[in-house]
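For reference, the structure is listed below as structure tokens.
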Amino acid sequence: MKLHTLTPAEGSIKADKRIGRGQGSGRGGTSTRGHKGAKSRSGYSKKIGFEGGQMPLYRRVPKFGFKNPNRVEFKAVNLDLLNELAEKLNSTVIDLEALRSNGLVSKNQKVKVLGRGELKVKLEVSANAFSSTAKEAIENAGGSITIL
């Protein structure tokens with residue numbers, strides 16, 4: 001096999017339609033655009049969302065609600081998950097790095113520890129935020145928390 005002998009598979013490449021190249025091509029004259037009107041002319045573009053004069057969907061559907069541009073998104077991690085991780089790693093310290101290396105959170109996510117499940121191990125947990133139940137459960141188990 002040589003590079004200059006390589007060709008694409010049979011039928012995988014089609015020639016483009018050559019439009020507006022004279023009457024002999026079968027696509028001369030109006031060049032498949034029909035007769036007259038805005039659509040036949042160069043530079044035509046329809047408004048986005050235009051529905052032929054009918055009231056467009058984006059105006060028919062009511063708008064409501066509010067998106068807070070300053071919202072801080074947290075990845076939720078529960079106590080039962082921390083318990084499993086502590087047993088798996090055989091460690092009493094759980095920080096963001098431990099969570100990331102075990103695939104529980106991705107690189108730029110902020111972590112909030114929530115209170116679902118039971119904590120059976122004394123842990124030192126560091127995260128961006130804690131719920132009040134999680135905070136209480138960690139401290140009752142003899143552990144400590146660090147808010148980053």
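Here are a few things to note about the model shown:
- Which listed residue, of Phe64, Phe50, is within 30 Å of Lys110 (Cβ to Cβ) and out of contact with any Asp or Glu (no Cβ under 8 Å at 6 or more places or on another chain): Phe64
- Out of Arg59, Arg27, sole residue that is charged (D, E, K, R), at pLDDT 90 or above and in a loop (DSSP other than H, G, I, E, B): Arg27
- Selection from segment 77-105 of residues that are loosely packed, with under 13 Cβ neighbours inside 10 Å, touching a residue at least 12 places away in the same chain (Cβ under 8 Å) and within 27 Å of the chain's Cα centre (by Cα): none
- Only listed residue being touching a strand residue (DSSP E or B) at 6+ places or on another chain (Cβ under 9 Å) and aromatic (Phe, Trp, Tyr), chosen from Phe50, Phe64, Phe74: Phe74
- Taken over segment 95-113, the criterion of being closer than 20 Å to Thr133 by Cα and assigned to a loop (DSSP other than H, G, I, E, B) is satisfied by Asp95 alone.
- Per the listing Gly24, Gly43, the residue uniquely at positive phi and of a type in the set (Gly, Ala, Ser) is Gly43.
- Close pairs from segment 7-27: first within 26 Å of Ser42 (Cα to Cα), partner assigned to a loop (DSSP other than H, G, I, E, B) and aliphatic (A, V, I, L, M), Cβ under 9 Å, at least 6 apart: Ser25/Ile19; Arg27/Ile19
- Search result, residues across segment 84-132 that are under 16 Å from Gly142 (Cβ atoms) and of a type in the set (Asp, Glu): Glu118, Glu124
- Inter-residue pairs, beta-carbon under 6 Å, first farther than 18 Å from Ile19 by Cβ and in a loop (DSSP other than H, G, I, E, B) and in segment 36-51, second modelled with pLDDT of 90 or more and of a type outside the set (D, E, K, R), 6+ apart: Gly49/Pro56; Gly49/Tyr58
- Criterion violated by Gly20 - all others in (1) within 30 Å of Asn140 (Cβ to Cβ); (2) of a type outside the set (Lys, Arg); (3) at pLDDT 90 or above satisfied: (1)
- Unique residue being touching a residue at least 40 places away in the same chain (Cβ under 8 Å), surrounded by 11 or more Cβ atoms within 10 Å (Cβ to Cβ) and aromatic (Phe, Trp, Tyr) when the list is Phe74, Phe130: Phe74
The values are calculated or read from the model by the stated rules, or taken from the named source; none is laboratory data. Keep in mind the model is a prediction, meaning the values are calculated, not measured. FYI the Cβ positions are ideal-geometry reconstructions off the backbone, even for glycines, and counts take in every protein chain you see.
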